[in-house]
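S.K.: A single structure is presented below for examination.
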Amino acid sequence: RLCGAFALGRGAGGEPFQHPVLEALCSLAAQLRSRALSEKPFRGELALADASSSGVGGAAAPEVLVLVVNLDRSPHRLEDMRREVRRCGVRARRFPATDGRHRVVRRSTMAPYTRDLTDFALRWDESRPALGVALTADCERHYVGYAGSWLSHARAVRQGLEEGFPFVAVLEDDQVLSTDFNAVVQDVVDCAGDALDVVILGPLDWRLRSRRYAQRRRVMQLKVPCSEASFTWEEEHMASLYGYRPALEEQRTYMLYSIGCRAMGGEDYMTTGCCGVWGYLASRSGCQKMQSSMKFMWESFDDVLQAEFQGDNRFTKENGQRRLWAVWPPIVTSDGKWPSQNSGEDLDMGRQAAPVSPHASFRDPSLQTDVAHVILGPEHSFLDGLPCLDGVSEKVLTLAATSALLWSPVETIWAYVVTGWRKLFDQRSGSGSGFELRTEMQLRLHSDRRFFEVASEGLTWSWTLIRAAFAFGLSRPMDVVMIADPPEGPPIELAPLAVRVVEGPGAQLTFCADAWFRDLVAAAAGSRVDLTGQAATGARGCSCRDLVAELRPQLPRAGLARVDFGLAPPSGTRLGPRAQALSLAANVHSLRPELLAVLRDDLAAGACLVVTSHALGPLLDLLNELAGPESPKGASKDLEVVFAGANPFGSFLPAARAEAIAEASSSPYSGARGRLRGLVGRPVLNGREAFVVEAVVSSDRWRVRLAGGEELSVKEANLVVDEPEPWPPGPLPDECSLTTEEAWGAAHAHYRAEAYEPKVEALARSRPPATNAFWLGLRRRLG
């Protein structure tokens, strides 16, 4: 700073200020810089490099400060890193890390670890702890590791600033370096220069270091050729699960790309996982931004770094948008043989012969199970598959039920705060108890419209009943429990429900009731579901599938449970203690006299009534029938309309194949869906649904897969490809409801065959025919 002040000073004549003191200071600074690059990495107790191997591979070591963060208690990790540094000719030196055990002080050594803030031994200028890091840690050693990692990286960044280097590279001590390390770091400095802030040299999560993710978010191409620009094992495995390999550009040189973040309310749905801080290159501006913006430990150091450098909200906009970059292919990776240092497992286990770290590849084996092929593969999502149950392919029902069982568990408060599909899946994305397959299911929601349609079919039964129960007020105060993190929203929960399904697709509901009503039982503990009347008649003799027993051995962490479900005579539904009666007539098409009689009896008995249909018309007919001819304009003094309109949790799976495929066509691409047309040799296949696998090399044909696994090679002219539809689906919750007056007015207009009001007309056309697409909530008016 003193040298800069002298250099910027000017004499009376406007010439730069010259003085022997300035010359001496500049000479001293040059000596210190030369010593930092030429002596410290090779001599002394902190040296790691070997002068004889510096710059191996034909690339000179860049003039960048390289620090390897290492704890005093981990000499074996340091020796491994010393060998890596010398193998690649990197000019690096050890940076003594901060041991979290010396900075975290327990309030009580007798009490067990609780997720609260303990006392810290911190300097005034160090980052302060926040509750987030305490809630993230699973145990005390994990908490201590988080704090130590944060303080170590913050000190390393400050060291880079204090030594005055324009760039500093920080590495952790359990990494594997690429032989291109020196060349790529120098290339990044030459090509990006002052334009960069922080460049991750090897992302932690396998999705963030994949070729597909990198090419979609490319910032700039580098000059150094990359000899390892192939698909990773993880990408090859995912291609086998999805049934196709995405078409990507051939990559001849390294490149820089941006890393997004879903924390702090970000909309970057395709970015999951953590960037990690295995190794990163930071400029002076990047170091200064890290020092100024990362003042609180509200999460681990890498998670906060990833969030703070997005610039997508008012808290981070000063750092600029998308300022966190990464290099592809990675030049810093992990072989996974060192256990986690954050949780202290490295002290107990030492280096292993086989990979044990969850960050070396997949975090868990869930993507390598049989159920992963069912969830992610294309075989179970063809709408024209056979056999069928109530008009839906049995394979589609298997996919819908399996996905419904594998979403993250529902919390009681969700029944109040979740008001539509978008909110539900966002809530599940941020909930705990996740594993790799759940993460991939979340990603597929945004990339594959068909998967969302099938997933909504699996969840529509529970969430239609959950939202209806809240609309009817079938809730009660929560039990008083002293907890550190109280729930959001009011302290109420759903009472146990006695659900009678008097009309509906009985065969489908019996197929896997544990899946259809799993969320209902989680949100309203002690609930029971019975099929009666027409629904029970349609279910008798139909086969059911015990997916809970099939999935438990494959995914023991999924938290699978049974649902109290059965067939009962019309008057045989069992009511538990304090259970609330709720009747459901689902997918009503026509008003049979026996159905009307059952609905009138349930209303007279005080039950709350939920009626759903594929269209709005049958619900308006029901209102007119229940109101009676003597009621003016269809209104009834004895009948209360609690809700009406498009069901925010109605299924989006089309009820008919012809309506599932749009006539508009886009260009084919790997992973697209469409249908065949114009085939002359096999005209019987025209109109069949097809899954596009890949383009046939050196021709205008595409390889497609049909339901049942048959593959064909067809011309592009014989394919009608579905137009991609946006996320989130509509209508949104605030657009889909009718007031009581609007519902009665629509029923009156429907009875007289008159035109609907514009809002009602738009609502009636807003949804294609699907399970529970429209709903109506009725009960007897009190008093």
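S.K.: What number of residues within segment 193-208 are open to solvent by 10 Å² or more (accessible area, probe 1.4 Å) and either in a helix (DSSP H, G or I) or not basic (Lys, Arg) (or both)?
M.R.: 5
S.K.: Now for a separate question. Given the criteria surrounded by fewer than 24 Cβ atoms within 10 Å (Cβ to Cβ), in a helix (DSSP H, G or I) and touching a strand residue (DSSP E or B) at 6+ places or on another chain (Cβ under 7 Å), does residue 438 qualify? I'd like the intermediate steps shown before the answer.
M.R.: On the way: surrounded by fewer than 24 Cβ atoms within 10 Å (Cβ to Cβ): yes; in a helix (DSSP H, G or I): yes; touching a strand residue (DSSP E or B) at 6+ places or on another chain (Cβ under 7 Å): no.
No.
S.K.: Restrict the check to segment 276-284 and report whether at least one residue is on the phi < 0 side of the Ramachandran plot, modelled with pLDDT under 90 and among the polar types (S, T, N, Q).
M.R.: Scanning segment 276-284 turns up no residue that is on the phi < 0 side of the Ramachandran plot, modelled with pLDDT under 90 and among the polar types (S, T, N, Q).
S.K.: Condition test on residue 291, is it open to solvent by 20 Å² or more (accessible area, probe 1.4 Å) and part of a helix (DSSP H, G or I)?
M.R.: In short, yes.
S.K.: Go through segment 509-523 and count every residue that is among the β-branched types (Val, Ile, Thr) and either buried (at least 24 other Cβ atoms within 10 Å of the Cβ) or outside any helix (DSSP H, G or I) (or both).
M.R.: So the answer is 1.
S.K.: Can you list the helices (runs of 4 or more DSSP H) lying wholly within segment 392-431 that have 3 or more residues being in contact with a helix residue (DSSP H, G or I) (Cβ under 6 Å, 6 or more places away or on another chain), under 18 Å from residue 449 (Cα atoms) and not small (Gly, Ala, Ser)?
M.R.: 394-406
S.K.: Ok, one more. Among the residues of segment 588-606 satisfying the criterion of being surrounded by fewer than 22 Cβ atoms within 10 Å (Cβ to Cβ) and outside any helix (DSSP H, G or I), which is nearest to the chain's Cα centre (by Cα)?
M.R.: Checking each candidate, the answer is 589.
S.K.: Could you say whether any residue in segment 259-273 is at pLDDT 90 or above, crowded, with 16+ Cβ neighbours inside 10 Å and in contact with a Leu (Cβ under 9 Å, 6 or more places away or on another chain)?
M.R.: At the first step, the residues of segment 259-273 found to be at pLDDT 90 or above are 259.
Narrowing the set further to residues that are crowded, with 16+ Cβ neighbours inside 10 Å leaves 259.
Those still in the list that are in contact with a Leu (Cβ under 9 Å, 6 or more places away or on another chain) too: 259.
For segment 259-273, residues at pLDDT 90 or above, crowded, with 16+ Cβ neighbours inside 10 Å and in contact with a Leu (Cβ under 9 Å, 6 or more places away or on another chain): present.
S.K.: Also, I was wondering about something else. It is to be established whether one or more residues within segment 564-575 are among the hydroxyl-bearing types (Ser, Thr, Tyr), at pLDDT below 95 and on the phi < 0 side of the Ramachandran plot.
M.R.: Yes - at least one qualifying residue is present in segment 564-575.
S.K.: When you scan segment 726-746, do you find a residue that is open to solvent by 50 Å² or more (accessible area, probe 1.4 Å) and part of a strand (DSSP E or B), even just one?
M.R.: yes
S.K.: Further, regarding this structure: Has segment 701-709 got any residue that is crowded, with 20+ Cβ neighbours inside 10 Å, at pLDDT 90 or above and in contact with a Pro (Cβ under 7 Å, 6 or more places away or on another chain)?
M.R.: yes
S.K.: If you don't mind, another one. Check residue 527 against each of (1) more than 17 Å from residue 404 (Cα to Cα); (2) in contact with a Ser or Thr (Cβ under 7 Å, 6 or more places away or on another chain); (3) not basic (Lys, Arg) and name the one condition it does not meet.
M.R.: Checking residue 527 against (1) more than 17 Å from residue 404 (Cα to Cα); (2) in contact with a Ser or Thr (Cβ under 7 Å, 6 or more places away or on another chain); (3) not basic (Lys, Arg), the one that fails is (2).
S.K.: Looking at segment 65-76, I want the residues that are under 13 Å from residue 157 (Cβ atoms) and have a partner that is small (Gly, Ala, Ser) and part of a loop (DSSP other than H, G, I, E, B) with Cβ atoms under 6 Å, at least 6 apart or on another chain. Which pairs are those?
M.R.: 69/97
S.K.: So for segment 176-189 (the condition being open to solvent by 50 Å² or more (accessible area, probe 1.4 Å) and either touching a Phe, Trp or Tyr at 6+ places or on another chain (Cβ under 9 Å) or modelled with pLDDT under 90 (or both)), does at least one residue qualify? Give the steps one after another, and end with the answer.
M.R.: Within segment 176-189, the first condition is being open to solvent by 50 Å² or more (accessible area, probe 1.4 Å), and the residues that meet it are 179, 186.
The next check asks that each one be either touching a Phe, Trp or Tyr at 6+ places or on another chain (Cβ under 9 Å) or modelled with pLDDT under 90 (or both); those that pass are none.
Within segment 176-189 (the criterion being open to solvent by 50 Å² or more (accessible area, probe 1.4 Å) and either touching a Phe, Trp or Tyr at 6+ places or on another chain (Cβ under 9 Å) or modelled with pLDDT under 90 (or both)), the answer is no, since none of the residues qualifies.
S.K.: Then there's this: What number goes with the only condition from (1) open to solvent by less than 50 Å² (accessible area, probe 1.4 Å); (2) modelled with pLDDT of 80 or more that residue 73 does not pass?
M.R.: With (1) open to solvent by less than 50 Å² (accessible area, probe 1.4 Å); (2) modelled with pLDDT of 80 or more applied to residue 73, the lone miss is (1).
S.K.: Out of all the residues in segment 79-92, is one or more small (Gly, Ala, Ser) and either open to solvent by 10 Å² or more (accessible area, probe 1.4 Å) or at pLDDT below 85 (or both)?
M.R.: No, segment 79-92 contains no residue that is small (Gly, Ala, Ser) and either open to solvent by 10 Å² or more (accessible area, probe 1.4 Å) or at pLDDT below 85 (or both).
S.K.: Hey, another quick one. Looking at residue 545, is it under 24 Å from residue 493 (Cβ atoms), at pLDDT below 90 and part of a loop (DSSP other than H, G, I, E, B)?
M.R.: no
Okay, residues lined up against (1) without any contact (Cβ under 8 Å) to a residue 60 or more places away in the chain; (2) within 17 Å of residue 361 (Cα to Cα); (3) touching a His at 6+ places or on another chain (Cβ under 8 Å); (4) polar (S, T, N, Q):
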position	(1), (2), (3), (4)
201	no, yes, no, no
205	no, yes, yes, no
211	no, yes, no, no
216	yes, no, no, no
219	no, no, no, no
223	yes, no, no, no
227	yes, no, no, yes
230	yes, yes, no, yes
233	no, yes, no, no
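S.K.: Tell me which of these residue 232 doesn't satisfy, since it passes every other one: (1) touching a strand residue (DSSP E or B) at 6+ places or on another chain (Cβ under 6 Å); (2) surrounded by fewer than 19 Cβ atoms within 10 Å (Cβ to Cβ).
M.R.: With respect to (1) touching a strand residue (DSSP E or B) at 6+ places or on another chain (Cβ under 6 Å); (2) surrounded by fewer than 19 Cβ atoms within 10 Å (Cβ to Cβ), residue 232 is out only on (1).
S.K.: Out of the residues in segment 340-388 that are charged (D, E, K, R) and assigned to a loop (DSSP other than H, G, I, E, B), which is modelled with the lowest pLDDT?
M.R.: The initial filter retains those residues of segment 340-388 that are charged (D, E, K, R), namely 345-346, 348, 351, 363-364, 370, 379, 384.
Then keep just the ones that are assigned to a loop (DSSP other than H, G, I, E, B); that gives 351, 363-364, 379, 384.
Working: 351: 68, 363: 84, 364: 86, 379: 89, 384: 80.
Looking at residues that are charged (D, E, K, R) and assigned to a loop (DSSP other than H, G, I, E, B), I get 351.
S.K.: Which one of these is within 19 Å of residue 150 (Cα to Cα), in contact with a helix residue (DSSP H, G or I) (Cβ under 8 Å, 6 or more places away or on another chain) and basic (Lys, Arg): 289, 295? Spell out the reasoning first.
M.R.: Values: 295 fails: in contact with a helix residue (DSSP H, G or I) (Cβ under 8 Å, 6 or more places away or on another chain).
Just one listed residue meets the conditions, 289.
The values are calculated or read from the model by the stated rules, or taken from the named source; none is laboratory data. Just so it is clear, the structure is predicted and the values come from calculations on it, not from any experiment. A quick note on method: Cβ atoms are made from the backbone with ideal geometry, for glycine too, and the neighbour counts reach across all protein chains shown. Heads up: the accessible areas ignore ligands, DNA and RNA and are worked out on the full protein's heavy atoms, side chains in. Shrake-Rupley method; radii C 1.70, N 1.55, O 1.52, S 1.80 Å.
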